[in-house]
Amino acid sequence: MEQIISSIMTVLIVAVCVYAAGSIIYGALRKFSRMGWGAWQILFAWGLTAIFGLVPVGGTPAVRFWVGLLEILGAVGISLAVGAAVRFAMEKKVRPAHAFWRVCDRLLGVVTALLNVAVIVLVVGVAVLLYFNFVHESEPMSVLGAIFGSEYWKYFLRFAADIFLIVPLFFVMRTGYRVGFARSVVVVLMLILTVGSVALAAYLVLGVPFFRDIAVDIFSASGAGEKWAPLGFLIVGGGLFVVFFIISCVLGFLMSKLVRRVRYSYFWGILDGTIGAAIATAVFLLLVLVFYALLAYLASGAIGQLVERIAQALTEAGLPADSLGNVENIVTNMQDILTKIRDMLVSSRITSGLYYGNFIVFGAQA
C-alpha cells in the first residue's frame, strides 16, 4: 500500500511540475494584461473574509446568517469590482508602453500562471487538511495532530472553509455578469421557441385536416398503404418544424444584435451585467441553502429513525425484520460520517452562519 501511495504521489508531483512549466510558457507569451485574474481575485476575496472575521459577530442565528451572507457577497463583489477597475484603467492607456512595463507585463503573466496552479493546489490542500481534522481525525502526537492543536490552525479555521464558497461564487458572479440579463432572456426565449416549434408542428400535422391529409396521402397515393403512414406524418411534421425553427433562428439573431448594442453601451452594459450577476448569484445561494438543509436532514439521524420505524412495523406485523439490522448499522456509520462532513463544511464563521441560520425547510438550527 505504501508503494502504491508513493507512486501516486510521484505521478501527481510530476504532473503538477509539467503543468507549472506549461503555465510559465503560457503566461510569458499571453502576458498579464491579457490573462484572466481569477486566482488573484479569489485570494483577495478570501483575504477579505479573513479580515471580516476579526470583527466579532453575535446575536441570533438569523443575524449571523445575514452578516455572513453580506460578508461573502461583499468580499467576492469587491474583488470583481477591483479587478474590473484595474483592467479598465489598463485598457485606457492606448500609448505604447515603456519597455520596462512590457517586461513586467510578461513577468506578471508568468506569476499569474503559476498562481493559477498554486490556487488549485491550495484548495485541494485545505480540503485535505480539513478532512483529516474533522472526518479522519489524526493522533494528537502526529505531525498533523500538532498542527491541528496550534493556535495558528484555530485562527485559520475561522475562514478556511470559506474557500469552498468563494471559488464557485466567484465564477458564478463573473459568468452572470459576462452573460448578462438580456442575453439570458434571449437564450430562454430561444429554448421556448424551439419547444414551441415542435409542439406547433405536432399540432398542425395531427390536428389540422389539411396537413393531416397531406401526411396520409404522401404514401397512400403510391399504393404503399397505411403501413407507411407514420413516416408521412414524420416527414410533414419535420418539414413544418424546420420552417418554424428557421423563423425562430431569425428572431434569435435579431434579438442577439439588439442585445449586442445594449452591451456595447457603457451604462446599459453595466446595468445588464449587474442584473445577470445578481440573478445567477441568487440561484447559486438558493442551491447552497438547499444543500445545507439536505445535509442537516441527513446528519440529524432521520434516515436511521425511518429504518427503526420500518423494523418496528414489520415486527408488529409478525414479519421478519432481522435483515434490517445490518441496514441500521450502515445508516449509523453513514450518519456519523455525514455529521463529520457537515462539521467540516461549516467550520468557518461565514459558512457556520449560513448553515445555522438557514431558513429552508429542515431548519438547520440544531
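Numbers at a glance
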{"quantity": "Hits in the stretch 345-359 - residues which are within 19 Å of the chain's Cα centre (by Cα) and open to solvent by 30 Å² or more (accessible area, probe 1.4 Å)", "calculated": "Leu345"}
{"quantity": "So Ile25, is it among the aliphatic types (A, V, I, L, M), modelled with pLDDT of 80 or more and either out of contact with any Ser or Thr (no Cβ under 8 Å at 6 or more places or on another chain) or over 14 Å from Ala118 (Cβ atoms) (or both)", "calculated": "yes"}
{"quantity": "Pairs, first of a type outside the set (A, V, I, L, M, F, W, C) in the stretch 19-46, second in a loop (DSSP other than H, G, I, E, B), C-beta under 8 Å, six or more apart", "calculated": "Gly27/Met35"}
{"quantity": "Output for the stretch 217-231, where each listed residue is open to solvent by less than 60 Å² (accessible area, probe 1.4 Å) and either of a type in the set (A, V, I, L, M, F, W, C) or at pLDDT 75 or above (or both)", "calculated": "Phe219, Ala224, Ala229"}
{"quantity": "Some residue of the stretch 151-165 being over 21 Å from Val76 (Cα atoms), buried (at least 17 other Cβ atoms within 10 Å of the Cβ), modelled with pLDDT under 90 and out of contact with any Cys (no Cβ under 7 Å at 6 or more places or on another chain)", "calculated": "no"}
{"quantity": "For Val290: the one exception among (1) open to solvent by 70 Å² or more (accessible area, probe 1.4 Å); (2) modelled with pLDDT of 85 or more; (3) over 25 Å from Val76 (Cβ atoms); (4) hydrophobic (A, V, I, L, M, F, W, C)", "calculated": "(3)"}
{"quantity": "Members of the stretch 46-77 found to be of a type outside the set (Lys, Arg) and open to solvent by 60 Å² or more (accessible area, probe 1.4 Å), listed by number", "calculated": "Ile51, Leu54, Val55, Pro56, Thr60, Val63, Trp66, Leu70"}
{"quantity": "Test: Val143 is open to solvent by 70 Å² or more (accessible area, probe 1.4 Å), modelled with pLDDT of 85 or more, of a type in the set (A, V, I, L, M) and closer than 28 Å to Ser347 by Cα", "calculated": "no"}
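Yes/no per residue for (1) touching a Leu at 6+ places or on another chain (Cβ under 8 Å); (2) under 27 Å from Val18 (Cα atoms); (3) touching a residue at least 40 places away in the same chain (Cβ under 8 Å):
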{"residue": "Phe134", "(1), (2), (3)": "no, no, yes"}
{"residue": "Leu144", "(1), (2), (3)": "yes, no, no"}
{"residue": "Thr175", "(1), (2), (3)": "no, no, yes"}
{"residue": "Arg183", "(1), (2), (3)": "no, no, yes"}
{"residue": "Ala202", "(1), (2), (3)": "no, no, no"}
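The values are calculated or read from the model by the stated rules, or taken from the named source; none is laboratory data. All values reported here derive from a predicted model rather than from experimental measurement. FYI the Cβ positions are ideal-geometry reconstructions off the backbone, even for glycines, and counts take in every protein chain you see. Note: accessible area is taken over every heavy atom of the protein model, side chains too, but ligands, DNA and RNA are not part of it. Shrake-Rupley method; radii C 1.70, N 1.55, O 1.52, S 1.80 Å.
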